[in-house]
Structure formats: structure tokens, C-alpha cells
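Asks: This is the structure, below, for whatever I ask next.
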Amino acid sequence: MADYLHVVLAYKPFDAFESGRKTFEIRKCRGNFSENKVYEGRLVKLRRGYTPITISGKIGRVVTGNLEEIFEQVNHKLIAPISLSPEHSKAIISTYLKIENGEKYIAFEVIH
């Protein structure tokens, strides 16, 4: 049986992945989203909320660090396609992640 990383997404981010506008997801670097569980080549399954609708793929590039370090390496539009700037992306991300200074995050590319 395949070892998938399961990622539940709200409808809009899921739809952005499905259309190809969003290619990176970002999470706090802990638990199922730690560096030893999120790695290049691992299979990933994105789920549209708690519905049966999924996208299967694999993890491409992985970047860790604080938000500033991540946005230096990954274009903000690949994480939050509607954002106007890295700062706007942080504001969008803060609606679903509690942003804390010095917190470590992990951003990972989903190839499907």
C-alpha cells in the first residue's frame, strides 16, 4: 500500500491546485508536516475539504524556514495565487495558520 501524505485543503486552495495556479502548499513544520515526513518524491493526496474529491501527485521541491526565507526561495503566487506581494501572501496564510515570529514552516511543491 502506498505511503501518501494526506493534505486536507479548503475548497479555494484545492481548486487553485486543480487548475494549476497553485503549486506549493505551506504548513507549520511539525507532526505530519515535519522534514522527515515531507520529502521530494513522496506521494501526496490533496483532499477538497472532507469530501471524497482528491488530487494525487508527488512532492517536488521542499523549502523550510521562517516565512521570509520561504518567500525568498518560492514565488508568493505559487503559494497564494491571488496575492499581490509576499506580505499579502503572509496575510492570506495567517487566515488559516497562526503566524508566529521565528516559527519554522515547510513549503512543498505538489506535482500532479
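The values are calculated or read from the model by the stated rules, or taken from the named source; none is laboratory data. Keep in mind that what you see is a predicted model, and the values were worked out from it rather than measured. Glycine also receives a Cβ, built like all others from the backbone with ideal geometry; neighbour counts cover every protein chain displayed.
Asks: Output the residues belonging to the stretch 12-57 that are surrounded by fewer than 15 Cβ atoms within 10 Å (Cβ to Cβ) and touching a Ser or Thr at 6+ places or on another chain (Cβ under 9 Å).
Replies: Glu35, Leu43
Asks: OK, next. How do the helices (runs of 4 or more DSSP H) wholly within the stretch 3-111 filter down when requiring 3 or more residues that are among the hydrophobic types (A, V, I, L, M, F, W, C): which remain?
Replies: Helices (runs of 4 or more DSSP H) meeting the threshold: 11-19, 67-73, 86-93.
Asks: Which one of these is free of Cβ contacts under 8 Å to residues at least 24 places away in the same chain and in contact with a helix residue (DSSP H, G or I) (Cβ under 9 Å, 6 or more places away or on another chain): Lys90, Lys12, Lys22? It would help to see each step written out before you state the result.
Replies: Working: Lys12 fails: in contact with a helix residue (DSSP H, G or I) (Cβ under 9 Å, 6 or more places away or on another chain); Lys22 fails: free of Cβ contacts under 8 Å to residues at least 24 places away in the same chain.
The conditions single out Lys90.
Asks: Checking the structure you have, find out if any residue of the stretch 95-103 is under 13 Å from the mean Cα position of the chain (by Cα) and exposed (fewer than 13 other Cβ atoms within 10 Å of the Cβ).
Replies: yes
Asks: Checking Ala80 against (1) at pLDDT below 95; (2) among the small types (Gly, Ala, Ser); (3) surrounded by 18 or more Cβ atoms within 10 Å (Cβ to Cβ): exactly one of these is not met. Which one?
Replies: Exception for Ala80: condition (1).
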